[in-house]
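Taking it in order: structure first as structure tokens, then the write-up.
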Amino acid sequence: MRLNARFFEGALPACRIEWSRRLSRSAGNIDVGKRLVKLSAPLLLDAFADGREHIAVGVRCRSSGEAVEEILKHEMIHLWLFERGLPCGHTPDFRRKAREIGQLKTRHDIARPLPKSGWIYTCARCQAQVVRRKKFGRARACARCCKQFSRGQFDACFTLRGRKI
Ligand SMILES: [Zn+2]
Ligand SMILES: [Zn+2]
């Protein structure tokens, strides 16, 4: 497939793709043994009926088509690891490959829609995003990075940069 050639050098075997109405906790999953990908109709189709942007695997998606592509890429990484005989969970190898193809996160539910107007804040270090309806009154730092690197203390290195949406 196109994604296989573009991101995995055509190394992946063919997979069946099915839509599921019942799958609603994550936008997709894969059974690497059966080579079967399931896509969640509620999260990938219904959630976009509002015409708004949603975030999937850390990527802003404007339509269900874009979200489906990101989720397929995510599931293909699982298969890519499996085919190479590597553990195929969200391992460091998984994250490296995901970042390489532009995905910042492994969470693959579909987040709440972005508000029509407000502020989107990005951590310069880990790229985590926080969406707010109103602008923060004072400088805020990324909670996750502060927790990980400065014992939970505010550290200006991880200041969130805001942009109006
Ligand atoms: Zn996954
Ligand atoms: Zn951060």
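The values are calculated or read from the model by the stated rules, or taken from the named source; none is laboratory data. Treat the numbers as computed from the prediction; the structure is a model and nothing was measured. Because the Cβ atoms are built from the backbone with ideal geometry, glycine has one as well, and the counts that use them run over all protein chains shown.
Restricting the search to the range 130-144, which residues are within 13 Å of ligand 2 (Cβ to nearest atom) and over 24 Å from His54 (Cβ atoms)?
Filtering the range 130-144 down to residues within 13 Å of ligand 2 (Cβ to nearest atom) leaves 130, 140-144.
Within the range 130-144, Ala141 is the sole residue that qualifies.
Kindly check whether there is at least one residue in the range 130-144 that is more than 21 Å from Thr106 (Cα to Cα) and modelled with pLDDT under 85.
Going residue by residue through the range 130-144, those that are more than 21 Å from Thr106 (Cα to Cα) are 132-141.
Right, trim to modelled with pLDDT under 85 and you get 132-133.
The answer is yes, given that some residue of the range 130-144 is more than 21 Å from Thr106 (Cα to Cα) and modelled with pLDDT under 85.
Quickly run through the range 20-39 and pick out the residues that are surrounded by 14 or more Cβ atoms within 10 Å (Cβ to Cβ), in contact (Cβ under 8 Å) with a residue 24 or more places away in the chain and either over 21 Å from Arg2 (Cβ atoms) or touching a strand residue (DSSP E or B) at 6+ places or on another chain (Cβ under 6 Å) (or both).
Hits for the range 20-39 are Ser26, Ala27, Gly28, Asn29, Ile30, Val37, Leu39.
Inspect all residues belonging to the range 87-99 and state whether any of them is touching a residue at least 24 places away in the same chain (Cβ under 8 Å), of a type outside the set (Ser, Thr, Tyr) and within 16 Å of ligand 1 (Cβ to nearest atom). Give the derivation first.
Residues of the range 87-99 touching a residue at least 24 places away in the same chain (Cβ under 8 Å): 88, 98.
Next cut, of a type outside the set (Ser, Thr, Tyr) only: 88, 98.
Then drop every residue that is not within 16 Å of ligand 1 (Cβ to nearest atom), which leaves 88, 98.
Taking every residue of the range 87-99 in turn, at least one turns out to be touching a residue at least 24 places away in the same chain (Cβ under 8 Å), of a type outside the set (Ser, Thr, Tyr) and within 16 Å of ligand 1 (Cβ to nearest atom).
Can you confirm whether the range 137-150 contains a residue that is touching a helix residue (DSSP H, G or I) at 6+ places or on another chain (Cβ under 8 Å), outside any strand (DSSP E or B), among the aromatic types (Phe, Trp, Tyr) and not assigned by TED's automatic domain parsing to the domain that holds Gly33?
yes
Across the range 40-67, what is the number of residues that are in a helix (DSSP H, G or I) and either surrounded by 21 or more Cβ atoms within 10 Å (Cβ to Cβ) or polar (S, T, N, Q) (or both)? Break it down stepwise before answering.
To start, the set of residues in the range 40-67 that are in a helix (DSSP H, G or I) comprises 41-44, 46-50, 64-67.
Retained after the next criterion (residues that are either surrounded by 21 or more Cβ atoms within 10 Å (Cβ to Cβ) or polar (S, T, N, Q) (or both)): 43-44, 47-48, 64, 67.
Count: 6.
Only one of these is in contact with a Lys or Arg (Cβ under 8 Å, 6 or more places away or on another chain) and modelled with pLDDT under 95: Asn4, Asn29. Name it.
Details: Asn4 fails: in contact with a Lys or Arg (Cβ under 8 Å, 6 or more places away or on another chain).
Residue meeting the stated conditions: Asn29.
Could you check Asp109 against (1) within 16 Å of ligand 2 (Cβ to nearest atom); (2) among the charged types (D, E, K, R); (3) assigned to a loop (DSSP other than H, G, I, E, B); (4) within 30 Å of Gly28 (Cα to Cα) and say which number it fails?
Failing condition for Asp109: (1).
Using the structure shown, decide if Cys157 is within 10 Å of ligand 2 (Cβ to nearest atom), out of contact with any strand residue (DSSP E or B) (no Cβ under 7 Å at 6 or more places or on another chain) and not small (Gly, Ala, Ser).
It is true that Cys157 is within 10 Å of ligand 2 (Cβ to nearest atom), out of contact with any strand residue (DSSP E or B) (no Cβ under 7 Å at 6 or more places or on another chain) and not small (Gly, Ala, Ser).
If Arg35 passes every condition in (1) at pLDDT below 90; (2) basic (Lys, Arg); (3) more than 29 Å from Ser150 (Cα to Cα) but one, which one does it miss?
Among (1) at pLDDT below 90; (2) basic (Lys, Arg); (3) more than 29 Å from Ser150 (Cα to Cα), Arg35 violates only (1).
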